[in-house]
Every structure is written in C-alpha cells, then in structure tokens.
Amino acid sequence: MGCSYLHGLTKRPVTPLAPMHPLRAYLLRFVPELTDADWQPLDQALRVHHLARGEHFLQAGEHQPMLALLLRGTCRLYYPRPNGEERTTYFFFENHLLGDYAGCLTGQPSQLSIQALVDTELVVFDYAVLRQLYDERPVYERFGRLLAEYHLLGTDARLVEHLLLSPEERYRALLASGKTKILERIPQHLVANYLGITAVSMSRIRARVARGH
C-alpha cells in the first residue's frame, strides 16, 4: 500500500539554485559569516563595466575612488616612469579585486595605472559605499582588515623578490609559484617587465632553465 501510494505521487520539478554573485563569493572567502542582509546594500551599488583591449580602468594622475572585481579578462597594474618606461608589478585575472586602494584611502591622485590586456568585464562599486558599510555592518570592517593584510603580504613578497633574488631566481620562483595564468596568458615581454628584466635577458634565462642549468 505504501509503495503504491509513493508511486502515484507527482514529482515536483526542482528549481535550480541561482548562481552566487562572484563578488559575494569573493567576500565569503574572507568573511564566511556574511548574511543576505549584509550583502544586499553592496549588491544594490554594483554596476557592470567593460574595457576593450588596451583601454585603462585607471591611469596615473587620476583620482578614481572605485574598486572592481574582474569577471572576465586580464588586466595589468603598472607604474609609468617620467622617462616613459613602464614597470609592471601585478596581473589581474578572473575573481581578482582591483583598484587604487591607496588613492581610495588618501584621496590623492593615483601613481599607478591599470590596463586591460584583452576585452575585459568588471563589476565596480564606489569605495564610499564600502566605507559606509564599515560603520554600519561590522562584517565589512573585518573584511577590510583582512583584505588589507592580504595585500600587505603580497606587496611584501614582491618587494623581497626584487631585493633578494637575481633575475634568474625570480624567473625560477615564478615557475615554482603555481601562477600558471601569468605564464600561459601574458605576453612574454610583459612577463619580463614584471620580473624586472629585458625580453632578451628573459629569453636567455628561459633557454638555460630549459637545458636544466
């Protein structure tokens, strides 16, 4: 009797769960306690922004108090020098948060530039929104602290590399770091710039490493 009853039930279609917003997923990496009520005010402030290849999200000399999560594409962060040279210090891929964080804090024009290397899609929000949420919701204040610590560790690691390692050691460290997206998706001349060497020097280093020397 029980079996015939169960067989006669009409199965209701299962409604698939809506995918989580990538920025919310990013926040949860730092603050797993983030609730729907916490997320809503930031969600309402988001807007999508597109960059064509070669276009800048930010250029040195501008003050742009915005942050963005990269949804699709690739960007580089670089510092232009007075002599026209550029020093690339970071690459952004999917699910990276980017922006002039120092400029957001100080209100000063940016010293750095962020450029799209391919067609890129971002979701952006004003830093003022995040700053207001620091005061209204403690979970965002915790996120801000953890994010600042995360970036401090990354900046310190890059500084140590350039102060203590030779060009070849920096290249070998990149190979061992697991940062495969840099090696697979970034043009070699920009990888060389990121390592602080010329493209010719990098070609020689790659050849030595490939020979096992």
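The values are calculated or read from the model by the stated rules, or taken from the named source; none is laboratory data. Computed from a prediction, not measured in an experiment: that's the story for all the values here. Positions of Cβ are generated from backbone atoms using ideal geometry, with glycine treated the same way; all protein chains shown enter the neighbour counts. All accessible areas refer to the heavy atoms of the entire protein, side chains included, with ligands and DNA or RNA removed. Shrake-Rupley method; radii C 1.70, N 1.55, O 1.52, S 1.80 Å.
Structure above, values below:
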item	result
Residue match in the range 163-171 (condition: out of contact with any Lys or Arg (no Cβ under 8 Å at 6 or more places or on another chain) and under 26 Å from Asp119 (Cβ atoms))	no
Of residues in the range 6-40 being of a type in the set (Ser, Thr, Tyr) and at pLDDT 60 or above, the one least open to solvent (accessible area, probe 1.4 Å)	Tyr26
From Leu70, Leu77, residue being within 19 Å of Arg24 (Cα to Cα) and either part of a loop (DSSP other than H, G, I, E, B) or at pLDDT 95 or above (or both)	Leu70
